[in-house]
Each structure stands twice: as C-alpha cells, then as structure tokens.
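Below is one structure, written out as structure tokens, with a few remarks after it.
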Amino acid sequence: MASNGGIRIPSRLPLLLTHEGVLLPGSTMRINVDTPRNMQLVKSRLLKGTSLKSTIIGVIPNTRDPEHETEDLPTLHSIGTAGLAVQVVGSNWPKPHYTLLITGLCRFRLAKLLKDRPFPVSEVEQLDKLEQYTSSDAADADAAEADGELGELSQRFYQAAVQLVGMLDMSVPVVAKLRRLLDSLPRETLPDVLAAMIRTSNQEKLQVLDAVGLEERFKKTLPLLTRQIEGLKLLQKTRKPRLDDDKKVLTVRRGGVFPGRQFSLEEEGEEEEGDDMALLERKVKMANMSEPALRVCLKELKRLKKMPQSMPEYALTRNYLELMVELPWGKSTTDCLDIRAARVLLDSDHYAMEKLKRRVLEYLAVRQLKRALKGPILCFVGPPGVGKTSVGRSIARTLGREFHRIALGGVCDQSDIRGHRRTYVGSMPGRIINGLKTVGVNNPVFLLDEVDKLGKSLQGDPAAALLEVLDPEQNHSFTDHYLNVAFDLSQVLFIATANTTATIPPALLDRMEVLQVPGYTQEEKVEIAHRHLIPHQLEQHGLTPQQLQIPQDTTLEIIIRYTREAGVRSLERKFGAICRAVAVKVAEGHKAAKPEAPPPEPPQAHSESEAPELEGQREESLGGSADLALPPEMPIVLDRHALKDILGPPLFEMEVSERLTLPGVAIGLAWTPLGGEIMFVEASRMEGEGQLTLTGQLGDVMKESAQLAISWLRSNAKLYQLTNLSGGADPLEGTDIHLHFPAGAVTKDGPSAGVTMVTCLASLFSGRLVRSDVAMTGEITLRGLVLPVGGIKDKVLAAHRAGLKRVILPKRNEKDLEEIPLHVRAELDFVLAGSLDEVLNAAFDGGFPTTQEPFVHPQITSKL
C-alpha cells in the first residue's frame, strides 16, 4: 500500500465518538456501538450506504464516561482518525448494539461542525500532506539539516523496533509477519504501528495521535518503545532458566498489522504462564512415556502454547497433559519374593482358604524364576462374607504392591471402564486409568469388586469393555477413550470377585482364572472369631480381654443358634452387639467408681426396711474406690444365659426332626449365591382327578424335575408297592398331588432337587417316614439314573451346619469330596448313589422294600 500521503478522504465525515481506546492510522480496532448517536450513524450511513465513500467515517476519542451520556454533544477532540468500516455485526443481547471493525487510514483536524443530530457531521482537514517530505533543488541549509536530524531519528526508531520484535517468539505467525513488514513499510508509518502494538495507556496514544509532525511523532513514540524494551530485558533477567528450545519469553495477542491489523503485548501473567509451560514441558519429557504417547503430548503442548487462555479448549488440553504426566508410565514397585515370609503373612491374615494361598505362592515362585511375568487374572467366586476382598488386600501386602479397589456393582456405562472421549463436556478417564493415577505405579493390585453385578444400558456394556482389560494378550496396549493412546496394563495384578458365575458373560469368564471360595465350617468360624473378629471388635469398642472373655462354647452357640451363613459378617455383627452391651456395664462401673464427693459414713443402726437398700448401694460401689480396699475387677465371662439376655432368643432352632414327623417330607440341599442351604420339600395328596400342583415359586427346570419324579414313581409303583388313597396300583388314580417348597417368597430353580422330590413322593405314597438326619441332592433321569450336580462343597457344609449326619450325593460327584475338610468328612456319612434305588434305600430306615418279582411291561410279556 502507498503511504498515507496518497489517501484522499471526503471533506465531510460523520463522526463516531468512542471511549474504548484511540484508533491510530495503520491499525485495526473493534469498537462497541451502543449510544443513540453512534447507533443512528451505523443505521443511516454504514448499513444503508452502497459506495466505498459511505463506509469511511471519522473516529474521535471521547473521554466522557458512556454511563453519563447526555443528549448534549460533548466537547470534541480536535484531532481524529479517518477509518474504513470493514465489518459491522449486530446483536440484541444483553441489549441492542453493534460491533464495528475499523481500519485507521489517516489523521484529520475538525474544521467546522455542520450538525450534531441525529449524529454529528463535520468538515475535516486531512493532515497527511503535512507529513510529506520531498527533496528539491531549492531546499535551504536549515531544511537539509532538519531532514538529516529526522533521518537519524527515524533510523534509531527503526533499530529499536527491530530489537523489540527480535525479543518476541518468532514461532508465532503474527510476530513473524510483523518482522517482515518492518522492512517493507514506509518509515513514517512505524510510530503509529508500534504505538498501537506495545502496551501503552490511552492518554499516551492520544499524545501520539496529536503529534501531527513526523519528527514530533518519532519523539513521542521512541520513549514508549524504549520503555517496552527495558521491561522485556528485566523480565528475562528475573525469569528462571528455561529449556533451550523455550528461549522466547512473551506471547503476542493476535490483532493485526497495518493495514487492518493490530498487535498487543500482554505482560501480566506472562512470566508465570511461561514458567508453567516450561515446567509442563519438562514433566512431559521426563515422564518416561511410550513413543506414541510422547508424540501426542508434544503436539498438544505445541497447540497449547499458541492458544489463548480464554479459549475453553485451553483448560481441556492442559488437564489432558497434566493427566498424561501424572500417569505411572515407568514407575513400579519391587515385588517381595520371599515365599516363607509371604506364607506367614497370609496365614496370619486369613484362616483356611488354602487354595487361594497356594495360588499366590505359586505366582511368587514363578516370579522368582522369570522376572518378566504378566499379571494373572484371578476371579474369586464365593458367598458374601468369606473374605474375598480382604484376601485381595492381603495379596497386595504380601507382594509389597499398591492396592486399589474398583466397585463395579451397578455400573451400566462402558465409559466407566474406557473413559469418555475428549470431545464431550466434562469428559474424564475411566476407572482403570484413574486408579493408576491414584496409586502412582504401573504394577498395582486391582480388585474389581462384584464383577457379576455389572449392568447394561443404552450407554454400552461395561462387561464387554472389560474384555480388553482382562485379556493378557491385549491389555499390554489398553486404549482409554480419554487418553486415546495405548497404556500397558500387563503388569497389573487383576483380582475380580463375584458371588456367582451365572451372571458373568461367558466371554469375560473365559478370560479369568476362577477360584472357588466356599463357606466356612463351624470349626473354621470358631477359629476365625477368636483370631480376628473378637480382637477387632474389642479394639473398636474400647474394651480389653481383661474386661470381656467369650469362651469357644459360647462362640459355637452364636454360630449355630444366632447365625446361619456361609461367611462371618453376621457373626461379627453379633460380637459387636455383645461388646456394646458390655461397654455399657463397664461405663456404669467407671462412673460409680469415681464419685464426685467421698461417701458419708454409714449410720450405726438401721431399720430392717432400709437394709436391702443399703446392701444394693454397697454392691454398686464395688470395684472403684481404693480407700475401701475392694477386690480387683473381674472380667465378664459370657455364658449361654448372658447370651440370651443380650442377643435375645435364638433365631435358628434345630427344627429338622420336628418337621419330619409325617410322611411326605424330605430334606434337599440347594446352592445359592449366599452359600449352601438345606431345603424342605413337602407333599400331600387328596381325592381328585390326578392333577399335580407345584408351589413355592419354582422355575421351569424344577417343574420338569417334578414331572420326572411322578412319571418314574408311577412306572415303578408295583415294584415299590406304592398305592393311591383307595389302594390302587396307580398312585395318581383318583388322587391329586400337591408338592410345595417352603420359603415361597424366594425363587427356586435347578435340576438338583430331583432325588429329593422322588424321596418325598415315595414317602407320601408308601406312608413311611424319611430319616430326619438325611439330606440329598442330585439330578434324575426318566430311567432312574442319578446325574452329578454342582456346588457340592457348599451343600455339604450346609448339611453339616444343620446338624445332619447322612448326605446322599450322585456317584459321579465323588471327586468333589476331596475339597471338603477332613473333620467334616469324618462327621458325615456319605452315600454315593448311581440310581434312585440306592437313594431310596439310603433315605429310609431299613431301606425301601420292593416286591420279589420286578415289574415287567405287558408289551414285553407278549413278546416273550
């Protein structure tokens, strides 16, 4: 563009009064228009004008506060800037206003105000012609001397401008453009351009605007430029050492360069921001990231440096980089591989659980032989309260690793596992990455609690998202949606817990090593109570063993008559109730032992009516005052009578023998997520049409088992001498059968109740009682075979807890007896049955009699 001397503006200009700053020639400025005069100027001149001439207006600085704007025209500044309106934007919020983007062209002086309504219009005199310098043959010596002084001043100003731009960050595009323009712009335009760029007040810019002469303008602007340079030098000296590639100390707010652009330096917060950026870059390079992650972080950091802090994406990018720095890319703990010490620690923390302890010791042994071993994926399956979570914590202590628990119960969003993508508002990493950030190492023990209770919703399936996490062949490159880079999870020891495997998807179950954690026997519960539960409750309630003692007989009484569970949670709550009751007695004793005043001397004589009261007072004062030389405080020993006073009447009575006093009742064994349970099966018959009624919320499989039992008994009725109410050979002829499973509010299903139904119905049809100490389980076929079932250990332990003596199991479940503790096997009589004949003979006293000749089908007889 040519110098301003070539610009010709109209002689009459509409005037725009601005209080937001001073527009200098060669710079661009956004002006907010909301006063009535300025609004009318925009509507009448800028929005309706069609020629270039109509978009040129005069911009006059207004020193009056816009909040105190009146209808009278304020005193106008004599010097203004002719500007070209290159953009007009309107808005109605929060009130109607316009925003103008105006480029300064040249200075003018107000000559005569023509009108002030609806907006001011004035005749103007262009001042650029005063700035033109041309050499002529008639120039005198004084003019030549003045031109020499101006040239020297111009050169000094140009050198200072080059020095200032050289101190800025040349990687910023707008700074590089300014450096190129310094060589191409005319020297007389530099004061206006640099005054608009550097940090100056409106009053100082107004002085530059009033400097009509070029020499005066150089003299006004050069001190401002020198002050800016000195400030930058001081900032560089006081700044901490930076990285070699971070030598530039300031950033430039994007505005523009002549024509139509303006630069602004923001010194406030620059030093702190620069230090934070350098510190963040050092952390990124020292985080020991993988190569792909490092490339992504450096790219994001480069974007962050060019991004204003006011942008919403600035905070998102910064949070992302800080998370990447905090992740333990290369931090890990050293495993404690002393197997003997690990065995001692596991035995001290947990009683029983031999299978789990053996698996941990195997892992330690293999780690000794091979250091680079991927972490196993273990899944502890068992009823609540057996110590699955606490075992995971003990494993972490044994290995010397950090421990982190992730509760998955009720989780129905895959983003909880994989995280949210950063394009969403409020995005965050998943629980896996967040857990690694919390523990600070890349080889912790992660406990995925209640993995069998994952949900599914429109937000995805978290169980499917866990497939990558729990796959040893894939988790070395786990990609969280928030990070969007791979993270190595192969060194993490994952331990999942579940109550049942039935609700775990098969694909997820296939990736885990399932370890069954069955319930405890009564003897194991007694040991656990006296090793762990009672000392813990005494400590929690401020008691000591010298104040409360619970014998093992009392503990066994609590286990049998007050709790009937696979774990020990209810047992621990009972101990807590006992400790609270004893704490009340102990606190009352302390209060009585510390009276506020010494007791008065007892009178010498009392009436007979007062004697019992004095004796009670004397008993309440025992155990406290040293002056009375009382005997030492004795511990409270809990017996059966005290147990009943504290816990109330027993919750579970030995009702087995009472419920088997009539024919048609048998005891089955069932498996539940809470452990094994005994299950009573009751049957009755009445005159009818041969219908079978089933109650007790039975599933389809149990209904089919009942039909199988009826069909088998009807086909073998003559062999076992089974009759109906009228003595006929068909048990269902003229007879209705009702089969009921108590606890009707609980849904029941499964094939293992088949043998129990056959025994119950055989007792009903024969009129004989089933032994009251027998429980059974097994699936049946139509030909009378007994098939194997699952959950044998839990079922046997349930029979043992109920005090039963004989257990009938399928013959093919004999291998499962190895998992049952020896003392339990010694106290129970196991009958391994391969057919229903063997089941009936073991379930009834003296066996189940049959006729001498087996039943032969009539069709077979005709063939013979």
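The values are calculated or read from the model by the stated rules, or taken from the named source; none is laboratory data. All of these numbers come straight from a predicted model, not from anything done at the bench. With ideal geometry, Cβ positions are generated from the backbone for all residues, glycine too; neighbour counts draw on all protein chains shown. Note: areas computed on protein heavy atoms with side chains; ligands, DNA, RNA excluded. Shrake-Rupley method; radii C 1.70, N 1.55, O 1.52, S 1.80 Å.
Among the residues of segment 194-218, the ones that are crowded, with 18+ Cβ neighbours inside 10 Å, in contact with a helix residue (DSSP H, G or I) (Cβ under 8 Å, 6 or more places away or on another chain) and either touching a residue at least 60 places away in the same chain (Cβ under 8 Å) or not in a helix (DSSP H, G or I) (or both) come to 10 in all.
The set of residues in segment 367-396 that are assigned to a helix (DSSP H, G or I), farther than 24 Å from Leu509 by Cα and out of contact with any Asp or Glu (no Cβ under 8 Å at 6 or more places or on another chain) comprises Gln368, Leu369. Only one of the listed residues (Ser290, Ser310) is of a type in the set (S, T, N, Q) and either within 24 Å of the chain's Cα centre (by Cα) or within 21 Å of Ser427 (Cα to Cα) (or both). That residue is Ser310.
Selection of segment 427-482 for residues being within 13 Å of the chain's Cα centre (by Cα), part of a loop (DSSP other than H, G, I, E, B) and of a type in the set (A, V, I, L, M) yields only Met428. Would you confirm whether any residue within segment 35-46 is assigned to a strand (DSSP E or B), hydroxyl-bearing (Ser, Thr, Tyr) and surrounded by 17 or more Cβ atoms within 10 Å (Cβ to Cβ)? No, there is no match, as no residue in segment 35-46 is assigned to a strand (DSSP E or B), hydroxyl-bearing (Ser, Thr, Tyr) and surrounded by 17 or more Cβ atoms within 10 Å (Cβ to Cβ).
Checking Lys718 against (1) part of a loop (DSSP other than H, G, I, E, B); (2) open to solvent by less than 10 Å² (accessible area, probe 1.4 Å), only one condition comes out false. Which one? All conditions are met except number (2). Evaluation of Glu539 against the conditions (1) on the phi > 0 side of the Ramachandran plot; (2) part of a helix (DSSP H, G or I) shows that the sole unmet condition is (1).
Among the residues of segment 154-193, those that are in contact (Cβ under 8 Å) with a residue 40 or more places away in the chain and more than 28 Å from Met307 (Cβ to Cβ) comprise Ser154, Arg156, Phe157, Ala160, Leu185, Pro186, Glu188, Thr189, Asp192. Among the listed residues Glu524, Glu572, Glu557, Glu565, which satisfies the condition of being surrounded by 18 or more Cβ atoms within 10 Å (Cβ to Cβ) and not in a helix (DSSP H, G or I)? That would be Glu565, the only listed residue that is surrounded by 18 or more Cβ atoms within 10 Å (Cβ to Cβ) and not in a helix (DSSP H, G or I). When residues in segment 502-521 are screened for being open to solvent by 20 Å² or more (accessible area, probe 1.4 Å) and either more than 25 Å from Glu572 (Cα to Cα) or in contact with a Lys or Arg (Cβ under 7 Å, 6 or more places away or on another chain) (or both), 11 of them pass. What's the number of the only condition in (1) over 16 Å from Val665 (Cβ atoms); (2) within 50 Å of the chain's Cα centre (by Cα) that Ala729 fails to meet? Condition (2) is where Ala729 drops out.
When residues in segment 673-715 are screened for being under 16 Å from Gly778 (Cβ atoms), in contact with an Asp or Glu (Cβ under 7 Å, 6 or more places away or on another chain) and modelled with pLDDT of 90 or more, 2 of them pass. Report whether or not Ala82 is modelled with pLDDT of 90 or more, part of a strand (DSSP E or B), under 18 Å from Gly49 (Cβ atoms) and not basic (Lys, Arg). Yes; evaluated as a whole, the condition is true for this residue. Please verify whether segment 826-835 includes one or more residues that are modelled with pLDDT of 90 or more, part of a helix (DSSP H, G or I) and either open to solvent by 40 Å² or more (accessible area, probe 1.4 Å) or farther than 25 Å from Gly767 by Cα (or both). Scanning segment 826-835 turns up at least one residue that is modelled with pLDDT of 90 or more, part of a helix (DSSP H, G or I) and either open to solvent by 40 Å² or more (accessible area, probe 1.4 Å) or farther than 25 Å from Gly767 by Cα (or both). Does Thr555 qualify as being modelled with pLDDT under 90, within 23 Å of His800 (Cα to Cα) and touching a helix residue (DSSP H, G or I) at 6+ places or on another chain (Cβ under 7 Å)? It is false that Thr555 is modelled with pLDDT under 90, within 23 Å of His800 (Cα to Cα) and touching a helix residue (DSSP H, G or I) at 6+ places or on another chain (Cβ under 7 Å). For segment 762-775, taking the residues that are in a helix (DSSP H, G or I) and either within 54 Å of the chain's Cα centre (by Cα) or of a type outside the set (Gly, Ala, Ser) (or both), the one that is farthest from Asn716 (Cα to Cα) is identified as Leu764. In segment 774-788 there is no residue that is open to solvent by 50 Å² or more (accessible area, probe 1.4 Å) and within 30 Å of Leu556 (Cβ to Cβ).
Table: residues versus (1) farther than 29 Å from Gly330 by Cα; (2) in contact with a helix residue (DSSP H, G or I) (Cβ under 6 Å, 6 or more places away or on another chain).
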{"position": "Arg422", "(1), (2)": "no, no"}
{"position": "Gly430", "(1), (2)": "no, yes"}
{"position": "Ile433", "(1), (2)": "no, no"}
{"position": "Asp461", "(1), (2)": "yes, no"}
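Yes or no: segment 487-501 includes at least one residue that is assigned to a helix (DSSP H, G or I) and buried (at least 22 other Cβ atoms within 10 Å of the Cβ). No, segment 487-501 contains no residue that is assigned to a helix (DSSP H, G or I) and buried (at least 22 other Cβ atoms within 10 Å of the Cβ). Residues in segment 736-751 that are modelled with pLDDT of 90 or more and in contact with a Leu (Cβ under 7 Å, 6 or more places away or on another chain): Ile737, Leu739, Phe741. All conditions but one from (1) in a strand (DSSP E or B); (2) touching a helix residue (DSSP H, G or I) at 6+ places or on another chain (Cβ under 6 Å); (3) closer than 20 Å to Leu708 by Cα apply to Thr759; the one that does not is (1). Screening Lys305 on (1) within 19 Å of Gly430 (Cβ to Cβ); (2) of a type outside the set (A, V, I, L, M, F, W, C); (3) surrounded by 15 or more Cβ atoms within 10 Å (Cβ to Cβ) shows it passes everything except condition (1). Give the number of residues within segment 318-361 that are not in a helix (DSSP H, G or I) and not acidic (Asp, Glu). Count: 14.
Annotation note: Cβ proximity below 9 Å between a residue of segment 465-485 that is open to solvent by 30 Å² or more (accessible area, probe 1.4 Å) and a residue that is of a type in the set (Asp, Glu) and outside any loop (DSSP other than H, G, I, E, B) (sequence gap 6+ or interchain) occurs for Gln474/Glu468; Ser477/Glu468; Thr479/Glu468. Would a scan of segment 127-148 turn up a residue that is under 30 Å from Ser44 (Cβ atoms) and at pLDDT 85 or above? The answer is yes; a qualifying residue exists. Just one of the listed residues (Phe380, Phe403) is within 30 Å of Thr563 (Cβ to Cβ), touching a Leu at 6+ places or on another chain (Cβ under 8 Å) and open to solvent by less than 40 Å² (accessible area, probe 1.4 Å), namely Phe380. Quick check: is even one residue across segment 441-457 small (Gly, Ala, Ser), under 23 Å from Leu509 (Cβ atoms) and surrounded by 18 or more Cβ atoms within 10 Å (Cβ to Cβ)? No, segment 441-457 has no match at all.
Filtering segment 24-34 to residues that are open to solvent by 20 Å² or more (accessible area, probe 1.4 Å) and assigned to a loop (DSSP other than H, G, I, E, B) leaves only Asp34. Scanning segment 729-754 for residues that are assigned to a loop (DSSP other than H, G, I, E, B), open to solvent by less than 60 Å² (accessible area, probe 1.4 Å) and closer than 13 Å to Thr672 by Cβ yields Gly750, Ser752.
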